[in-house]
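> Handing you a structure now.
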Amino acid sequence: MEHSLFTDLIKKEFDLSKQRYGSTRIAEKLKREGYCISRCRVAKIMRANHWVRNTNGSLRLPQIPITVILFVEIY
C-alpha cells in the first residue's frame with residue numbers, strides 16, 4: 001500500500017517536471033509537501049519503473065581540448 005502511494009506521487013512529480021527531475025529533487029519536493037521519504041527510496045522506485053530523467057543532449061558531446069583551440073587561433 002505504502003509503496004504504491006509513493007510510486008504514484010513520484011510518477012506525478014516526475015511527469016510535472018517533464019521528466020527532468022532526478023531522485024534528489026523529487027525527494028526534496030515530497031519532503032516539503034510533508035511526506036517522509038528518502039532519496040534512496042525514491043531512486044529505488046524510479047529504477048524499478050525505468051524512470052530516467054531527460055538530460056540535455058549537449059552535455060554528452062565531447063569537449064575540445066584548450067590546446068587545440070589555442071593552436072587554431074594562432075594560425
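> When the Karplus curve 6.51 cos²θ - 1.76 cosθ + 1.60 is applied with θ = phi - 60°, which whole-Hz ³J(HN,Hα) does each residue of the range 39-45 get, with x for Gly and Pro?
Along the range 39-45, the couplings run 4, 4, 5, 4, 4, 5, 5 Hz.
> Work out how much length His50 to Thr24 would gain on full extension: take 0.36 nm times their residue separation and subtract the Cα-Cα distance, in nm to one decimal.
In short, 7.7 nm is gained.
FYI, it's all coordinate maths here, none of it is from the lab. Everything numeric in this text was worked out from a predicted model, so none of it was measured.
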